[in-house]
Amino acid sequence: MIEKYYPYEYVKNIYCIDYKKLWDMGFRGLIFDVDNTLVHHGDDSTPKVDRFFERLHKKGFKTCLLSDNEKSRVERFNKNIGTLYVCDADKPNVSGYEKAMELMGTDKSNSVVIGDQIITDIRGANNTGLPSILVHFIRLPGEKHIGKRRYIEYFVMWTWKCRKKYRYRLGDIRRKK
Ligand SMILES: [Mg+2]
């Protein structure tokens, strides 16, 4: 069932999301994947990402990092951000998503998942009953090699784009310029 891999929305990157709209819709908890969603795989956070989280927290959002990586990697990334996190999440297992909501004090009605992989991040959100926003994975300039999984993703997202009722299920949260 290919629908299990469908996100609610698809945007270019985390900065293209209209967070005010999400807030006005009643969302209060944002669950973020780390690698290739917030920074390139394995990288530390950047001042830009730190400021991004600062703005979200100022708006009133609770945020939680949900990563399959080990504690030391997530803590290193989180050093200047200081937000909640769940490591060794074993996505698409639902337990990590539930733990993230528990930490944020939110629930399925007001939490949303943001990640770059449909097989882990998005599938897990669907397993948990959470809406999700797929972001295009971060790629370094000149980086040509992409894994096999990405070709599966391209195919799945091609079918998603053809099926209108699955698109914009949060009412189009792309930030208008
Ligand atoms: Mg990722």
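What the table below lists for this structure:
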| item | result |
| --- | --- |
| Formal net charge of residues neighbouring S72 (Cβ-Cβ distance under 13 Å; K, R +1; D, E -1) | 0 |
| More than 19 Å apart - percent of Cα-Cα pairs taken over segment 2-166 | 52 percent |
| Derived scalar couplings ³J(HN,Hα) [segment 157-170; Karplus, 6.51 cos²θ - 1.76 cosθ + 1.60; whole Hz; x for Gly, Pro] | 6, 5, 5, 4, 5, 7, 10, 4, 5, 8, 8, 6, 6, 9 |
| All aspartates and glutamates inside 17 Å of K20 as judged from Cα atoms, apart from same-chain residues fewer than 8 positions distant | E9, E54, D172 |
| Selected from K99, K48, K79 as most flexible by GNM, with the chain as the system and alpha-carbon contacts under 10 Å | K48 |
| Prolate/oblate/rounded call for segment 71-177, Cα gyration tensor, a/c under 1.5 rounded | oblate |
| Heavy-atom surface of the chain, accessible at 1.4 Å and reported per residue (Å²) | 52 Å² |
| Given the chain, longest segment not containing exposed loop GluC sites (Glu not before Pro) (DSSP; at most 13 other Cβ within 10 Å) | 71-142 |
| For segment 140-177 and segment 36-70, distance of Cα centres in Å | 21 Å |
| Surface share of carbon and sulfur [accessible, 1.4 angstrom probe, percent] for segment 2-166 | 53 percent |
| For N13, residues with placed amide H under 5 Å, excluding near neighbours | H136 |
| When each of K99/K165; K58/K108; K108/K164 is checked by Cα-Cα distance, pairs over 27 Å | K99/K165 |
| Computed FRET value (nearest 0.05) for K71 with V94, which takes r as the C-beta separation and R₀ as 25 Å | 0.75 |
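The values are calculated or read from the model by the stated rules, or taken from the named source; none is laboratory data. These figures come from a predicted structure and were not determined experimentally. A quick note on method: Cβ atoms are made from the backbone with ideal geometry, for glycine too, and the neighbour counts reach across all protein chains shown. Keep in mind that these areas ignore ligands, DNA and RNA; they rest on the heavy atoms of the full protein, side chains included. Shrake-Rupley method; radii C 1.70, N 1.55, O 1.52, S 1.80 Å.
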